[in-house]
Amino acid sequence: TSSSSDVFTQTSGHYTKEHWEAKLLIPPHTAENEADVQRVKSSHPLHEAEFVIRDGRLLGELMPLRAFGDIRFKWSTDDLKNIARLLDLPPNYPISPRFYDSPPYLVATPQVLWKPLTTLCDHFLILGTDGLWDVISPTDAVHVVAQHWYDYKGDPSYCGPGDTAASRLIRTALGGTEMNSEKIALHFSIPASVARYYRDDITVIVVYLPTAFCDSM
């Protein structure tokens, strides 16, 4: 099945003389994204429009509208039944969601965006899963990376593996704005079997753009 790492949001660090700005490039692929909702609805017969997105979820179950895995939302009913037989699942096992009439409902097709870079303003790109964006706003995330930038005097290559911009974002997500060590330790002490109820998976990549190394500060 898919995890939260299949849903990416990207934020660019945009610097002006007054302050850093967060520029949201691609919104999350959820029911809050009206364009993606319309994409899903237009891929199925009109009579399915009322239930293809229910309670803010795909077929009332899945939050992301694009993801790897989650074959229950992709494969034909016959294929899912064959898998159920091979796995010897009980007859009452829900192999597919309700109202599963015209699969696939879920795709892994990425949304591709082209954006020209400005030499003096665009410094970095943050790719994060919803485990990050559920607890940190794009503006706060940019401020964390910007502070890391300042701490290493504009050259993040000097930081060690234990203090990358991405690791700071993850620590902030787990420990709050002060990166509380006790709170972070508490999150990691939660057994894997129940951790999902307390935090989502968090994957973060910070990409420094070539313009970031210009003498623009």
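The values are calculated or read from the model by the stated rules, or taken from the named source; none is laboratory data. Every value quoted in this text rests on a predicted model; they were computed, and no experiment measured them. With ideal geometry, Cβ positions are generated from the backbone for all residues, glycine too; neighbour counts draw on all protein chains shown.
Taking the stretch 138-164, which residues are surrounded by 11 or more Cβ atoms within 10 Å (Cβ to Cβ) and polar (S, T, N, Q)? Passing the criteria: 139, 147, 164.
Total residues in the stretch 156-198 satisfying the condition of being at pLDDT below 85 and in a helix (DSSP H, G or I): the figure is 15.
Residue 54 passes every criterion in (1) among the basic types (Lys, Arg); (2) surrounded by fewer than 16 Cβ atoms within 10 Å (Cβ to Cβ); (3) within 22 Å of residue 205 (Cβ to Cβ) apart from (3). Can you say whether residue 115 is surrounded by fewer than 16 Cβ atoms within 10 Å (Cβ to Cβ), basic (Lys, Arg) and modelled with pLDDT under 90, as far as the supplied structure shows? Yes.
Being among the hydrophobic types (A, V, I, L, M, F, W, C) and without any contact (Cβ under 8 Å) to a residue 60 or more places away in the chain: is that true of residue 86 here? Show your work before the answer.
Details: among the hydrophobic types (A, V, I, L, M, F, W, C): yes; without any contact (Cβ under 8 Å) to a residue 60 or more places away in the chain: yes.
So residue 86 passes the test.
Checking each residue in the stretch 44-95 for being assigned to a helix (DSSP H, G or I) and of a type in the set (Gly, Ala, Ser) picks out only 84.
Of all residues in the stretch 60-79, count the ones that are of a type in the set (Lys, Arg) and touching a Leu at 6+ places or on another chain (Cβ under 6 Å). Before you say what the answer is, go through the steps one by one.
Of the residues in the stretch 60-79, the ones of a type in the set (Lys, Arg) are 66, 72, 74.
Checking the rest, the ones that are also touching a Leu at 6+ places or on another chain (Cβ under 6 Å) come to 74.
Going through the stretch 60-79 one residue at a time, the tally reaches 1.
Go through the residues of the stretch 49-64 one by one and say whether even a single one is farther than 18 Å from residue 33 by Cβ and over 20 Å from the mean Cα position of the chain (by Cα). Yes: one or more hits.
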